[in-house]
Amino acid sequence: MTSPERYTRANYTSKVYVTLFQLLMGMMRLGFLASFMSDPFISGFTTGAAVHVFSSQIKHVFGVKVHNYYGPLSLIYVRIVNAALFPVYFPTSLEQHHISKHFLLI
């Protein structure tokens, strides 16, 4: 199995597990646990999700094709190639994940 196929399979598997976990928590009426989460945490999560959605859709608005690569050091390689081709910054899906994760930690 190639790297993109493994990445796709892992992505879908995690989505299924998260969905099942959320359904289980909903059936057990554990929504009250959200009241223990701090406002900055919720705000950071919302901001990270908004940045992730915006950065993943902006390339479609401008009609720019962003190159994606897989494997070791792919993040660095993608940045070098895309910086040479496009003067505007369009993050790849892997970069979007890291950007969103950093917003969640803020």
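The values are calculated or read from the model by the stated rules, or taken from the named source; none is laboratory data. Here the structure is a predicted model, which means the values were calculated and not measured. Reconstructed Cβ throughout: ideal geometry from the backbone, glycine too, with neighbour counts over all protein chains shown.
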(request) Considering every residue within the stretch 79-86, establish whether at least one is assigned to a helix (DSSP H, G or I), at pLDDT below 80 and not aliphatic (A, V, I, L, M). (result) yes
(message) Can you tell me which of (1) modelled with pLDDT of 70 or more; (2) among the small types (Gly, Ala, Ser); (3) closer than 24 Å to Thr8 by Cβ is the one Ser93 doesn't meet?
(response) (1)
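Does Gly26 satisfy being closer than 28 Å to Ile80 by Cβ and assigned to a helix (DSSP H, G or I)?
On the way: closer than 28 Å to Ile80 by Cβ: no; assigned to a helix (DSSP H, G or I): yes.
Considered against the rule, which asks whether it is closer than 28 Å to Ile80 by Cβ and assigned to a helix (DSSP H, G or I), Gly26 comes out as no.
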(request) Can you run down the residue pairs with Cβ atoms below 7 Å, 6 or more apart or on separate chains, where the first is in the stretch 41-54 and at pLDDT 85 or above and the partner is surrounded by 13 or more Cβ atoms within 10 Å (Cβ to Cβ) and part of a helix (DSSP H, G or I)? (result) Gly44/Phe103; Gly44/Leu104; Phe45/Leu104; Thr47/Phe103; Ala49/Ser100
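For the stretch 29-49, which positions are of a type in the set (A, V, I, L, M) and assigned to a loop (DSSP other than H, G, I, E, B)?
Just the residues of the stretch 29-49 that are of a type in the set (A, V, I, L, M), to begin with: 30, 33-34, 37, 42, 49.
Scanning the stretch 29-49 gives Leu30, Met37.
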(message) Given the criteria hydroxyl-bearing (Ser, Thr, Tyr) and at pLDDT 80 or above, does Ser100 qualify?
(response) no
